[in-house]
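The values are calculated or read from the model by the stated rules, or taken from the named source; none is laboratory data. From a predicted model like this one, the values you see are computed outputs, not experimental measurements. Counting neighbours? That spans all protein chains shown, and the Cβs are built from the backbone with ideal geometry, glycine included.
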Amino acid sequence: MNVKHITIIGLGLIGGSLGLDFKEIGGSQVVVTGIDRDHETLVKAVGCNAVDYSTSDLVEGVKNADIIFLCTPVLQILPIVEKIVPHLKEGTILTDVGSTKGFLAQEIRKILPRGIEYVSGHPMTGREQSGIWAAKRDLFKDKWYILVPEASTSLEAVEEICQVLTWTSARLTTMNIADHEQCGAVISHVPHVAAAALVNLLEMYPDLEDNFKLVGGGFRDTTRIASSNADMWADICLTNAQPITDSLIKLRGLLDEVIGAVQQGDRQAIHHFFKRAKNRRDALIQKTDSHTTL
């Protein structure tokens, strides 16, 4: 592996955690530069050894980079790529960590000059906190990291990114665009929408505000991901609109079934709803327990 200089654009949870892994495992054999717009983030990233150098200057930060990780919200990635491509050396590999792949697959390759590679990627991990202060070593350990060769420019570039990602101890796999977008909508995007909706539901009961101090573990666990970054999730919804809306419509249908059963006093139907969910989740836990916590 000939990677000597990695640049990370966007030093939030994912970008910062990547840097911590790269510096811990890569050590002195790799230089990591971090780019962010926030001054305190830049200082913190150097201080916690997530990067060797930090800057708010896109052009300065990407000079001589072998690999550039794009770790901003999805809709910010394309304008960044447009700004930096004239300043990249031949052979540089761009790779993103966005939760949606179709939009970038369609747009990013249109603006790449000859000699610049692109690898589409998505780490399936995270925390409800955001920012460099939430970054941690081993965030990716034993978590799935999806690569999308269909949306990438070459298999050689995909292999190069795979080699670097071994420093994170992530479990690497590949998917096609359509499966990634639909799977992401069902297991990640819609749950985030539902969690946010549950929290927003509280606003509809202002008379009970004083009693919300009684919120317990069930509500906290169910809505934990509602504390995620709003910019990131707005971009995800806009760039994976059809799979998300299709899945939300199906979820609405399930909720309508429960509403009807409760209104009719149909205990058997209500019981079946919960029992079916329990059996399905228990089966998933049994299948994936050694790798993932659902």
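Going through region 111-130 one residue at a time, which ones are of a type outside the set (A, V, I, L, M) and assigned to a loop (DSSP other than H, G, I, E, B)? Break it down stepwise before answering.
Going through region 111-130, the residues of a type outside the set (A, V, I, L, M) turn out to be 113-115, 117-118, 120-123, 125-130.
Selection gives 113, 114, 115, 125, 126, 127, 128, 129, 130.
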Self-check item: Within region 161-187, considering residues that are of a type in the set (D, E, K, R) and under 19 Å from residue 105 (Cβ atoms), the one farthest from the chain's Cα centre (by Cα)
Solution: 179
Quiz item: Going by the structure shown, is residue 136 modelled with pLDDT of 95 or more and either under 17 Å from residue 10 (Cα atoms) or in contact with a Pro (Cβ under 7 Å, 6 or more places away or on another chain) (or both)?
Solution: no
Quiz item: Which fully enclosed helices (runs of 4 or more DSSP H) of region 136-225 have 3 or more residues being of a type in the set (Phe, Trp, Tyr) and surrounded by 12 or more Cβ atoms within 10 Å (Cβ to Cβ)?
Solution: none
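So that you can scan it fast, the table gives a plain yes or no per residue for (1) β-branched (Val, Ile, Thr); (2) free of Cβ contacts under 8 Å to residues at least 60 places away in the same chain:
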residue	(1), (2)
4	no, no
26	no, no
35	yes, yes
44	no, no
47	no, yes
61	no, yes
Self-check item: Some residue of region 249-270 being outside the structural domain of residue 108 (by TED's automatic domain parsing) and on the phi > 0 side of the Ramachandran plot
Solution: yes
Quiz item: Of 62, 32, 43, which residue is surrounded by 22 or more Cβ atoms within 10 Å (Cβ to Cβ), over 18 Å from the mean Cα position of the chain (by Cα), farther than 24 Å from residue 170 by Cα and not small (Gly, Ala, Ser)?
Solution: 62
Quiz item: What are the pairs, 6+ residues apart or on separate chains, where a residue within region 163-180 that is over 12 Å from residue 120 (Cα atoms) has its Cβ under 6 Å from a residue that is assigned to a helix (DSSP H, G or I)?
Solution: 167/21; 167/22; 167/25; 167/26; 168/21; 172/162
